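The values are calculated or read from the model by the stated rules, or taken from the named source; none is laboratory data. Bear in mind the structure is a predicted one, so any value in this text is a computation, not a measurement. Here Cβ is always computed from backbone atoms with ideal geometry, including for glycine, and neighbour counts include all displayed protein chains. Surface accessibility is based on the protein's heavy atoms, side chains included, excluding ligands, DNA and RNA. Shrake-Rupley method; radii C 1.70, N 1.55, O 1.52, S 1.80 Å.
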Amino acid sequence: MADNVNLRALALETLLEAEKTEGKLNEIINAVLEKYAYLPKNQRAFYARLVEGTAENRIKIDYIIDCYSKVPVKKMKPAVRNILRTAIYQIKEMQSVPDSAAVNEAVKLAVKKGFVRLKGFVNGVLRNVIREPEKCVFPDRADIKKYICVNYSMPEFIVSEWIERFGDKTTEDICRAFLNEKKTTIRIRGNDEQRSEIKEKLIKEGVKIEKAPYVDYAYYISDFDNLSELESFKQGGFTVQDISSMIAVKCAAIDAGRDLKIMDVCAAPGGKSLLAADLSSAGTKIISRDISYKKTDLIEDNILRCGIDKISTEVWDASQFDPKYEASMDIVIADVPCSGFGVIGHKPDIKYNASEDKVRSLVNIQRSIIDAAVRYVKPGGVFLYSTCTVSEAENEDNVRYILAKEGFSTEDISPYLPDEIKSAAAKDGYIQLMPGQESCDGFFIARFKREK
């Protein structure tokens, strides 16, 4: 390994930090990849896959460990259980890694972390996993809830809610989709000719590009090393944004023939604001807000990179009403903080940090934001509510909450949706996009009009 960087030790420290702080795993990974940008691409890819794969499959891996260890995973030292987790992921899922290497490196890590007395334990558990695979019997479909929880590494309370709402098959489809290969989705800016030029530039830079569904300007890219070093990215030719987020902005029905006032109340890193700017007239003004300078700096970076002058940023707590903007906006976009159950495929740590109590707490925050945000919509204006989750409490229940407010009604969003994903609920003004059902992240979109 270059400069003697121990990639497995690096993966272990990443998982320990995420577990200890309940931090955002993808942000920790990105920080590590930036720090070790000098490492060869294949080594950084090994590190990222080991961390992400171990995190994605944690419940399943813990089930395997408990089949072979007399000490339950929950009672192990954090370092020991994560050493075992990463080793088992290598044994079960990384065919390029010899079993002996996974075991030997795990034992070395245990010693390095000060667990000399436990090196025999680590070695024994892993050797038995390899030698006696039949000892681990996975749940049968007869107990569908446990089957899904273990095989797809999903917490029981999420699986229980989804089975009750959507049934066994759809729940399994959603959970399976989270474990599928993740593609980087981008929005290529400009007209057809400009998009063709950007695609050609990407191909020349060695990037594989393929058309994504539903939206004309959505594409998948792969085989790149460092996205931020791509010239077409640095020059603002494209933004990273999921298809579902693009569809949400389309549901705002921005009229390029009118100069509009638009507010995005929880905007960072600015994907929706940037798309709104590209879809709108030259005279449109967009206020992009978020709760901290750290977040608005992300928006500013994207504005500068894309060369957009329609957007101004403001630091503001979206749950607090700002009277200077009362009833002044043609469109208000509220993509509120949520449980994130729709993007577990990209952020696997979400499912381990979630709980029913946290969902209830989030609903209170969402409703505080709704209470403030709807007041910025002028009569005849549009309020667009969205989340990246699959949760009735955060989605359909909040639609009912908004409809209880005087002067607001839902509007049919069918005209703004691709034919492939239209649903009956779209005529009622909202849609739940789900992984495994649609080719995008799990996302909820609802459109409201203020009558007076």
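What to note about this one:
- 17 Å reach of a label modelled at S355, 7 Å along Cα-to-Cβ, counting backbone N of the stretch 153-176: 155-159
- For K427, net neighbour charge (Lys/Arg +1, Asp/Glu -1) across residues whose Cβ lies under 10 Å away: -2
- Only aspartates and glutamates eight or more places from K35 in sequence, or on another chain, were considered; those with a Cα closer than 15 Å are D3, E13, E27, D225, E229.
- Karplus-derived 3J(HN,Hα), 6.51/-1.76/1.60, for each residue of the stretch 352-362, Hz, glycine and proline x: 8, 9, 8, 7, 5, 5, 5, 5, 4, 5, 5
- Note on the stretch 316-452: with charges restricted to the Cβ of Lys and Arg (+1) and Asp and Glu (-1), its dipole about the Cα centre is near 320 debye.
- Considering only C306, Q320, I286, and ranking their Cα positions along the charge dipole of the stretch 244-344 that arises from unit charges at the beta-carbon of Lys, Arg, Asp and Glu, the one farthest toward the positive end is C306.
- Whichever lysines have a C-alpha closer than 19 Å to that of K108, once near sequence neighbours (fewer than 8 apart) are set aside: K77, K119
- Charge dipole magnitude, Cβ of K and R +1, D and E -1 - the chain, Cα centre, debye nearest 20: 1480
- The chain: radius of gyration over Cα atoms, expressed as a fraction of 2.2 N^0.38 Å: 1.05
- Relative to the dominant Cα principal axis of the chain, helix 192-204 is inclined by about 20°.
- Other residues with beta-carbon under 14 Å from the beta-carbon of N226 carry, at +1 per Lys or Arg and -1 per Asp or Glu, a net charge of -2.
- Here's the list of lysines a cross-link from K199 could span, going by alpha-carbon distance under 18 Å and ignoring same-chain residues fewer than 8 apart: K183, K208, K211, K234.
- Dipole axis of the chain (+1 Lys, Arg; -1 Asp, Glu on Cβ), positive-most option in A106, L50, I88: A106
- Here the Kirkwood formula puts the hydrodynamic radius of the stretch 60-156 at 13.9 Å, using every distinct Cα pair.
- 222 nm mean residue ellipticity, helices alone, for the chain (DSSP H n ≥ 4; -39,500 (n - 2.57); rounded to 500): -14000 deg cm²/dmol
- Axis angle, to the nearest 10 degrees, between helix 99-112 and the longest C-alpha principal axis of the chain: 90 degrees.
- With all protein chains in place and a 1.4 Å probe, the accessible surface of the stretch 375-452 carries 44 percent carbon and sulfur.
- Reducing the stretch 180-246 and the stretch 1-64 to their Cα centroids gives an inter-centroid distance of 25 Å.
- Using C-alpha pairs under 8 Å with a sequence gap of at least 6, the mean separation divided by the residue count of the chain gives a relative contact order of 12 percent.
- Unsatisfied cross-links (Cα-Cα over 23 Å) in the set K24/K422; K20/K169; K145/K169: K24/K422; K20/K169
- Placing unit charges on the Cβ atoms only, positive for Lys and Arg and negative for Asp and Glu, gives the stretch 393-452 a dipole magnitude near 320 debye about its Cα centre.
- Accessible area per residue for the chain, computed on protein heavy atoms with a 1.4 Å probe, is 46 Å².
- Fraction of antiparallel bridges per DSSP, the stretch 347-452 only, in percent to nearest 5: 95
- Rounded tilt (10° steps) of 168-178 against the dominant C-alpha axis of the chain: 80
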